[in-house]
Amino acid sequence: MLNHKSSWLLCASIIGLLALPCSAAETSSGEKLATTCTGCHGAQGNSGSPDFPNLAGQQAAYLVAQLKAFKEGRRKNSIMNAQAANLSQSDMEQLAAYFNSQQTQSAGGDAALSKQGSTLVSQCMGCHGEALKGNLHIPRLAGQQPDYLIRQLTAFKKGDRKGGPMPTVAAQFSEAEIQAIAAYLGSL
């Protein structure tokens, strides 16, 4: 007879094994859906433009949540609102699985600002993780486009973007500190 811990481990293992084919299928289907994303977000989700975020390696749950927010109009961006409008839940999950599985690339960042920013990100690690790669619904920041991060942190600071504790966190930083944080995060 299995004890409680052994039963739980067996169930978790079976669920994990059953999820593998689904995850591979989602990734394959997501790759097909992602062809419309490459113009802005780059091949495999590594944006070559400072205007658009990197999606490669991003947390899948976060990507699904953001696509839903764009679809429902809770997050405003004319391009993304239109792109997400016709996505099904399955489409969102497949896109998220695909981008999550892609190899990340550093967006880079100004070296002097990056050094300053490295001293300011410790409080980000509580939610975004010690390596700043995110956690489930909390986004990956490591390697993100610095200009994109500056716009998002500024939007949180001004109250134009909502989301958990971020408006309060961003409000404590000066414009120069936001630029330094973004440079550091981009350099990872």
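The values are calculated or read from the model by the stated rules, or taken from the named source; none is laboratory data. Given the structure is predicted, the values throughout are model-derived calculations rather than measurements. Note: ideal-geometry Cβ built from the backbone for every residue, glycine included; neighbour counts use all protein chains shown. Areas reflect the complete protein model, heavy atoms only, side chains present, ligands, DNA and RNA absent. Shrake-Rupley method; radii C 1.70, N 1.55, O 1.52, S 1.80 Å.
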key: Of all accessible heavy-atom area on the stretch 84-188, the percent that carbon and sulfur account for (1.4 Å)   = 52 percent
ask   = Excluding ligands and nucleic acids, what accessible area in Å² is computed for Met80 using a 1.4 Å probe, to the nearest 10?
value = 40 Å²
When each of Lys32/Lys76; Lys133/Lys162; Lys68/Lys133; Lys32/Lys115 is checked by Cα-Cα distance, pairs over 30 Å = Lys32/Lys115
Where labels lie 7 Å past Cα in the beta-carbon direction, separation of Lys68 and Glu175 in nm = 3.6 nm
MRE, 222 nm, helices only [DSSP H, n ≥ 4, -39500 (n - 2.57), over the chain, to nearest 500] = -17500 deg cm²/dmol
inquiry  = Just want to confirm a number: the relative contact order over the stretch 25-172, from Cα pairs under 8 angstrom separated by 6+ residues, in percent.
reply    = 27 percent
query = Rolling a 1.4 angstrom probe over the protein heavy atoms, how many square angstrom per residue are accessible across the chain?
reply = 56 Å²
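Would you mind estimating how fast the stretch 91-188 diffuses translationally, via Stokes-Einstein at 37 °C and 0.692 mPa s with the Kirkwood radius over Cα pairs, in µm²/s?
On the way: Rh = 13.7 Å.
Translational diffusion coefficient: 239 µm²/s.
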ask   = Given springs between every Cα pair under 10 Å in a Gaussian network model of the chain, which of Ala43, Ala82, Ala170 has the largest fluctuation?
value = Ala82
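Excluding Thr36 itself, calculate the net charge of residues whose Cβ lies under 15 Å from the Cβ of Thr36, where each Lys or Arg counts +1 and each Asp or Glu counts -1.
Details: positive: Lys32, Lys71; negative: Glu31, Asp91.
Around Thr36, the charge tally is 0.
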